[in-house]
Structures are given as C-alpha cells and as structure tokens.
1. In segment 87-99, how many are over 19 Å from residue 55 (Cα atoms) and either modelled with pLDDT of 85 or more or of a type in the set (Phe, Trp, Tyr) (or both)?
2. Restricting the search to segment 12-57, which residues are in contact with a helix residue (DSSP H, G or I) (Cβ under 6 Å, 6 or more places away or on another chain) and among the aliphatic types (A, V, I, L, M)?
3. Of the conditions (1) in a helix (DSSP H, G or I); (2) modelled with pLDDT under 85; (3) under 25 Å from residue 3 (Cβ atoms); (4) aliphatic (A, V, I, L, M), residue 52 clears all except one; give me its number.
4. Find the residue count for segment 9-18, including only residues that are part of a loop (DSSP other than H, G, I, E, B) and either over 11 Å from residue 38 (Cα atoms) or touching a Ser or Thr at 6+ places or on another chain (Cβ under 6 Å) (or both).
5. Of all residues being of a type in the set (D, E, K, R) and closer than 18 Å to residue 59 by Cβ in segment 12-49, which is surrounded by the fewest Cβ atoms within 10 Å (Cβ to Cβ)? Just the residue, please.
6. Taking interchain pairs and intrachain pairs at least six residues apart, which have beta carbon atoms under 6 angstrom, with the first residue in segment 17-44 and touching a residue at least 24 places away in the same chain (Cβ under 8 Å) and of a type in the set (A, V, I, L, M) and the second surrounded by 16 or more Cβ atoms within 10 Å (Cβ to Cβ) and assigned to a strand (DSSP E or B)?
7. Examine segment 68-75 for a residue that is more than 25 Å from residue 7 (Cα to Cα), at pLDDT 70 or above and assigned to a loop (DSSP other than H, G, I, E, B), and state whether such a residue exists.
Amino acid sequence: DVFEKYNWPNKTVRVFTFSVGQHNYDVTPLQWMACANKGYYFEIPSIGAIRINTQEYLDVLGRPMVLAGNRAKQVQWTNVYQDALGLGLVVTGTLPVFN
C-alpha cells in the first residue's frame with residue numbers, strides 16, 4: 001500500500017533490500033519490494049561482507065532511466081571509482097545547467 005500510494009506510477013524512488021547472514025524465512029517479499037520499485041535485492045553472506053556487497057547497488061543507480069520523468073532525469077550518478085587525489089572511493093552526481 002505504501003509503494004502504491006507514494007511511489008507508483010512514476011517510481012521516482014528506487015528501493016534496495018538486503019538480507020544478511022543465514023536465514024530461514026521467505027525472501028520473496030524483499031525481492032518483490034526491490035524489483036517492483038526499480039531497485040535490487042542483495043543476499044549478503046555475513047556481516048563482514050556488508051561493505052563490499054552494498055556498494056554493488058551503485059551499478060543499479062547508474063542505469064539509464066529512460067522511462068523516468070523529467071524530474072527524475074536531472075541528477076546522473078557515476079559508478080564507484082577510486083579518487084586520483086587519494087580521497088578513497090567516490091561517487092559523483094551531476095546536474096545539467098541547461099535542459
């Protein structure tokens with residue numbers, strides 16, 4: 001109901017869901033929440049693997065949003081990359097000056 005009321009039909013918000021460690025429950029609802037909202041579902045095997053696995057969602061953020069409205073197309077994000085000046089891992093968001 002929340003997704004239907006606030007995020008559909010435009011789907012301006014992407015939803016990413018995660019399952020950490022061993023589980024004995026049905027992950028289908030988590031997968032549905034992510035896939036129905038242009039996001040992604042991740043299974044993370046252990047607490048130690050959280051950082052590596054959660055950074056993969058940036059690839060999804062970098063996908064073209066061909067079907068999105070004009071407001072959703074304004075900011076474009078890069079994939080994670082190593083900064084040349086030694087700042088570490090960086091993600092860049094760009095916004096057009098002229099439309």
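1. Number satisfying all stated conditions: 1.
2. Passing the criteria: 15, 44.
3. (3)
4. If we filter segment 9-18 for residues that are part of a loop (DSSP other than H, G, I, E, B), which is where we start, we get 9-15.
Applying the additional criterion that residues be either over 11 Å from residue 38 (Cα atoms) or touching a Ser or Thr at 6+ places or on another chain (Cβ under 6 Å) (or both) yields 9.
Going through segment 9-18 one residue at a time, the tally reaches 1.
5. Restricting attention to segment 12-49, the residues satisfying the condition of being of a type in the set (D, E, K, R) are 14, 26, 38, 43.
Narrowing further to those that are closer than 18 Å to residue 59 by Cβ: 14, 38, 43.
On the way: 14: 17, 38: 20, 43: 15.
Ranking the candidates gives 43 first.
6. Pairs that qualify, where the first residue is touching a residue at least 24 places away in the same chain (Cβ under 8 Å) and of a type in the set (A, V, I, L, M) and the partner is surrounded by 16 or more Cβ atoms within 10 Å (Cβ to Cβ) and assigned to a strand (DSSP E or B), are 20/44; 33/17.
7. If we filter segment 68-75 for residues that are more than 25 Å from residue 7 (Cα to Cα), which is where we start, we get none.
Checking segment 68-75: not a single residue is more than 25 Å from residue 7 (Cα to Cα), at pLDDT 70 or above and assigned to a loop (DSSP other than H, G, I, E, B).
The values are calculated or read from the model by the stated rules, or taken from the named source; none is laboratory data. All of these numbers come straight from a predicted model, not from anything done at the bench. FYI the Cβ positions are ideal-geometry reconstructions off the backbone, even for glycines, and counts take in every protein chain you see.
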